[in-house]
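Novice: Provided herewith is a single structure, encoded as structure tokens, for subsequent inquiry.
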Amino acid sequence: MPAGTLYRGREGMWSWVAHRVTGVLIFFFLFVHVLDTALVRVSPEAYDEVVATYKTPIVALLEYGLVAAILFHALNGLRVIAVDFWSKGPRYQKQMLWTVVGVWVVLMVGALYPILGHAVREVLGS
């Protein structure tokens, strides 16, 4: 390859990758959600068993991961819209990405107790 044409993996590439990965993860969650909800029509007992597994601490961690994926995907999507439709967007895309990451971290820290509090209490037995 000629010099200067190889992409070096800066912030833009990683946000692109993270946006695609979170989109795929959200899609698979929605697919599983539709399947487990449809299970109630086939076998209400099986549905109750599946829902009971959702109350475990491991699933609470998965829920926290789902919230992380949805929040990042949504915030980064707004950044992508700004880059595409704001005339100065490409110039400020890196600053907007770091703003997205900062807001995402603050929101994820705020989501720790509401999402994982019950799981921690269950594991610690209190």
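The values are calculated or read from the model by the stated rules, or taken from the named source; none is laboratory data. Remember, it's a predicted structure, so these values are computed and weren't measured experimentally. Backbone-built Cβ (ideal geometry, glycine too); neighbour counts: all protein chains shown.
Novice: Does any residue in region 49-66 that is acidic (D, E) come within less than 6 Å, Cβ to Cβ, of a residue that is assigned to a helix (DSSP H, G or I) and at pLDDT 90 or above six or more places away or on a different chain, and which pairs are these?
Specialist: The qualifying pairs are E63/I115.
Novice: Name the single residue that is surrounded by the most Cβ atoms within 10 Å (Cβ to Cβ) among those in region 79-97 being out of contact with any Ser or Thr (no Cβ under 8 Å at 6 or more places or on another chain) and in contact (Cβ under 8 Å) with a residue 12 or more places away in the chain. Give the steps one after another, and end with the answer.
Specialist: At the first step, the residues of region 79-97 found to be out of contact with any Ser or Thr (no Cβ under 8 Å at 6 or more places or on another chain) are 80-96.
Pick out the ones that are also in contact (Cβ under 8 Å) with a residue 12 or more places away in the chain and you get 80, 82-83, 93-94, 96.
Numbers: V80: 18, A82: 16, V83: 18, Q93: 17, K94: 13, M96: 20.
Residue satisfying both the conditions and the ranking: M96.
Novice: Also: In region 101-121, what residues are touching a residue at least 12 places away in the same chain (Cβ under 8 Å) and either under 22 Å from T22 (Cα atoms) or among the aromatic types (F, W, Y) (or both)?
Specialist: V103, W104, L107, M108, A111, L112, I115, L116, listed by residue number.
Novice: When you check W104 against the structure, is it surrounded by 14 or more Cβ atoms within 10 Å (Cβ to Cβ) and under 17 Å from G12 (Cα atoms), yes or no?
Specialist: yes
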